[in-house]
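A short write-up of the structure that comes next.
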Amino acid sequence: MDKMTSSSNISEERLNQFCQIFKKYDVNGDGHINLREFKKFSKELGYRFTEQQVEVCNKFDLVVKMTLL
C-alpha cells in the first residue's frame, strides 16, 4: 500500500505522478496552466469532464494554479 500524505488521502506516488504531469503542461514553469492545458492534464490523470463542466470553466476564464513543493 502507498504511503499517504499527511494532509490528504492521496498517496505519495499519486501526488508525484500529479506533479510530474502538471510540470509537463506548465511549459513556462510559472505554476499556471490554461484551460486547454488543464483539459489535457486532467485526461492524462484519468479524469473526464463533460462539455457543460468545461463551459462553466470557460465562462469564468478558469486558470489552474498550483504551487509545487
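The values are calculated or read from the model by the stated rules, or taken from the named source; none is laboratory data. Remember, it's a predicted structure, so these values are computed and weren't measured experimentally. Glycine gets a Cβ as well: all are built from the backbone with ideal geometry, and neighbour counts include every protein chain shown. Side chains are part of the model used for accessible areas, which takes the heavy atoms of the whole protein and leaves out ligands, DNA and RNA. Shrake-Rupley method; radii C 1.70, N 1.55, O 1.52, S 1.80 Å.
Values for this structure:
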item: Every residue from segment 15-41 that is surrounded by 11 or more Cβ atoms within 10 Å (Cβ to Cβ), acidic (D, E) and either at pLDDT 85 or above or more than 11 Å from the chain's Cα centre (by Cα) (or both); result: D26
item: Where E44 falls short, out of the listed (1) at pLDDT below 75; (2) open to solvent by 70 Å² or more (accessible area, probe 1.4 Å); result: (1)
item: Residue check, L69 modelled with pLDDT of 85 or more, open to solvent by 50 Å² or more (accessible area, probe 1.4 Å) and of a type in the set (A, V, I, L, M, F, W, C); result: no
item: Neighbours by Cβ (under 8 Å, 6+ apart or cross-chain): first from segment 15-40, within 17 Å of V56 (Cβ to Cβ); second in a helix (DSSP H, G or I) and open to solvent by 50 Å² or more (accessible area, probe 1.4 Å); result: L35/N58
item: In segment 3-13, residue nearest to Q53 (Cα to Cα) [restricted to those that are open to solvent by 70 Å² or more (accessible area, probe 1.4 Å) and modelled with pLDDT under 85]; result: N9
item: Filter result for N58 (at pLDDT below 85 and open to solvent by 100 Å² or more (accessible area, probe 1.4 Å)); result: no
